[in-house]
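We did not get these values from a lab; they are worked out from the coordinates using the rules stated. Just so it is clear, the model here is predicted, and its values are computed rather than measured. Here the Cβ positions follow ideal geometry from the backbone for every residue, glycine too, while neighbour counts run over all protein chains shown.
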Amino acid sequence: MTRVVALIDGEHYPPVVRFALDGLAAEYEVVGAAFLGGTEKVDLDAGLDTYGLPLVAADSAEESVTTAIERFRPDAVIDLSDEPVVTSADRFRLAGIALGHGVEYRGADFHFSPPAAALRTATPALALIGTGKRVGKTAISAYLARHLKAAGRDIVVLAMGRGGPAEPELIRGDEVALTTPDLLELARQGKHASSDNYEDAVMSRVTTVGCRRCGGGMAGETFFSNVPEGATLADSLGKELLVLEGSGAAIPPVHADASVLVVGAGRGMTYVRDYFGPFRLGLADAVVLATAEEPNASAEEVAALTAAVREMRPGVPVVATTFRPAPIEPVEGARVFFATTAPEGVLPKLTAHLEAEFGCTVVGASPHLSNRSLLRADMRSCDGAYDLLLTELKAAAIDVVATAGDEAGVPTVLCDNVPVPVDGGDLDGALDEAAALALERAATRGA
């Protein structure tokens, strides 16, 4: 029988709560209760023994739920409380606590389950997850892969995406250098040649396994995916470390020994403090704030976000970063059209960086790499002005940008996004620490 803890309040008359608890007991093993607050219909001076089962009553609802879960070890908590003791925002916080303990959170018309680890690999696993799409997660993943490879780590990256392959796809990026013509040929075969596993293989020259997923829950569960099959393939390679790359806000359904969380600084505080932000933050052994510069986020906003993360997860490294483009082939002297998914307001900084650091002349740029119609219009507006196309390997990079270049006889060079710490943060140190934790924990858990 499922073990449950009931969440109750003093705005319900105690005999009514007993009535509800008796109803629960017909279906569940009710092992305890957590008192969330409220005084209208309960005499606190008389004590809380009236409920007839072990009860936790702490200074806050969050503390009561945490203590009750740790004391009673339930499979689920069932919320019998209501407004005004707990608001919808409060319930997300309580649900995040439950899910962080691997416990389901249920109520009258809602049911949240912790993302399930469908597989536990023998290979130590380091997850890289995000708070949403376009926060720079794949760029951080590619950088992490390069950094670990440079440190002598033998790794494989398992990437899942909304454009991933029907069957898990192994790419020996450490042995074969994929070129733009190679990716064009893959696109002609009907593959999404800008998928994350290709980006990781091209930018980091490491072994990758590409997977697909469809649907994502609020806490990161995927509806459908072939990630477990991909993880089994990756696990068979005998690598030292498996890097699990999430997709959007979805979390790979594979056990992670440690996790790095990428937060889009420009998305605001709500992605950290509200909904299931605290749950994702609770998984993190390191936090990277991405795109942490104007106009995405002001210095004051970045400082506030950093402070919030440190308050909620004391001792966890937090590094604020931004991105700068880096072509993977020489572009010096070329007249370039640059395609990116970065916001339009950032384009002047990115194009100035390309010209200053790589010696090209940017004659046109588009922030619409993820909008094919607008991208094509931007490219048409610069017809004849450029002799080289430069693009991030995302979204429409191959099926629009590289295809147009191939048809016009204009070469396409792929461009990496390199994370650059702001204010002297130690990104490498934070990533090294997370990788070391993954290896250390895996050594004690077994397969």
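Using a 10 angstrom cutoff on alpha carbons, build the Gaussian network for the chain and name the most mobile of Ala265, Ala303, Ala145.
Comparing Ala265, Ala303, Ala145 in the GNM, the peak value goes to Ala303.
For a Förster distance of 51 Å, can you work out the FRET efficiency between the beta-carbons of Asp59 and Thr179, rounded to the nearest 0.05?
0.25
May I ask what percent, to the nearest 5, of DSSP beta bridges between residues of the stretch 3-112 are antiparallel?
10
With a Cα-only, solvent-free Debye model of the chain, what are the log10 I(q)/I(0) values at q = 0.08, 0.09, 0.12 Å⁻¹?
Calculated log10 I(q)/I(0) at the listed q: -0.52, -0.64, -1.00.
Compute log10 of I(q)/I(0) for the stretch 128-282 with the Debye formula, placing one identical point scatterer on every Cα and leaving out solvent, at q = 0.10 Å⁻¹, to two decimals.
For the stretch 128-282 at q = 0.10 Å⁻¹, log10 I(q)/I(0) is -0.33.
Once both labels are modelled 7 Å past Cα along the beta-carbon direction, what's the Ala408-Ala304 spacing in nm?
It is 4.3 nm.
Using the Cβ atoms and a cut-off under 13 Å, what net charge is assigned to the surroundings of Ala256, where Lys and Arg are +1 and Asp and Glu are -1?
+1
Tell me, Thr208, Thr67 in order of fewest to most beta-carbon neighbours within 10 Å?
By the 10 Å Cβ count, ascending: Thr67, Thr208.
Hey, got a sec? Which GluC sites (Glu not before Pro) in the stretch 157-222 land in a DSSP loop and have at most 14 other Cβ atoms within 10 Å?
Here the sparse-neighbourhood loop sites are Glu175.
In the stretch 3-112, how does Rg compare with the Kirkwood Rh, expressed as the Rg/Rh ratio over alpha carbon atoms?
Details: Rg = 12.4 Å, Rh = 13.6 Å.
Using Cα coordinates only, the ratio equals 0.92.
Given a Förster radius of 30 Å and the C-beta distance between Ala20 and Lys133 as r, what FRET efficiency does 1/(1 + (r/R0)^6) yield to the nearest 0.05? Please list the in-between numbers first.
Numbers: r = 40 Å, r/R0 = 1.35.
The formula returns an efficiency of 0.15 here.
Lys pairs in the chain, Cα-Cα under 19 Å, at least 8 apart or on separate chains: how many?
Here the count comes out as 5.
How high is the relative contact order of the stretch 249-384, in percent, with contacts defined as C-alpha pairs under 8 Å that are six or more residues apart?
Taking the mean separation of contacting Cα pairs over the length of the stretch 249-384, I get 18 percent.
Per DSSP H run of n ≥ 4, the term is -39500 (n - 2.57); total these for the chain, divide by its residue number, and report the mean residue ellipticity at 222 nm rounded to 500 deg cm²/dmol.
Mean residue ellipticity at 222 nm (helix-derived): -10000 deg cm²/dmol.
Just to confirm the number: angle between the C-alpha axis of helix 427-445 and the first principal axis of the chain, 0 to 90 degrees, nearest 10?
The answer is roughly 50 degrees.
Quick one: if you stick a label point 7 Å off each Cα along the C-beta vector at Glu332 and Glu83, how many nm between them?
6.6
Using 0.36 nm per residue of separation minus the Cα-Cα distance, give me the extension gain between Asp426 and Asp154 in nm, one decimal. Working shown, then result.
Details: separation 272, 0.36 × 272 = 97.92 nm, distance 2.27 nm.
Once the chain is fully extended between Asp426 and Asp154, it gains 95.7 nm.
What does the charge add up to near Pro295, with Lys and Arg as +1, Asp and Glu as -1, over the other residues with Cβ less than 12 Å from its Cβ?
Net of charged neighbours comes to -3.
Distance between Cα centroids, the stretch 41-103 to the stretch 354-371: provide it in whole Å.
What the calculation gives is 54 Å, centre to centre.
Give the angle, between 0 and 90 degrees and rounded to the nearest 10, that separates the Cα long axis of helix 88-100 from the longest principal axis of the Cα atoms of the chain.
Tilt relative to the chain: about 80 degrees.
For an R0 of 51 angstrom, estimate the FRET efficiency from the Cβ-Cβ distance between Asp109 and Ala352 and round to the nearest 0.05.
0.45
With 10 angstrom as the radius, rank Cys360, Cys415, Cys214 by how many other C-beta atoms surround their C-beta, starting from the fewest.
Exposure proxy ranking, most exposed first: Cys214, Cys360, Cys415.
Tilt of helix 299-312 relative to the longest C-alpha principal axis of the chain, in degrees (0 to 90, nearest 10)?
40
Looking at the stretch 65-154, which chymotrypsin sites (Phe, Trp or Tyr not before Pro) are in a loop (DSSP not H, G, I, E or B) and have at most 12 other Cβ atoms within 10 Å?
Values: sites: Phe72, Phe92, Tyr105, Phe110, Phe112, Tyr143; in loops: Phe110.
Of the chymotrypsin sites (Phe, Trp or Tyr not before Pro), the ones in loops of the stretch 65-154 whose Cβ has at most 12 other Cβ atoms within 10 Å are Phe110.
What does the net charge come to around Val319 if you take all other residues with beta carbon closer than 15 Å to its beta carbon, with K and R at +1 and D and E at -1?
Around Val319, the surrounding residues sum to -4.
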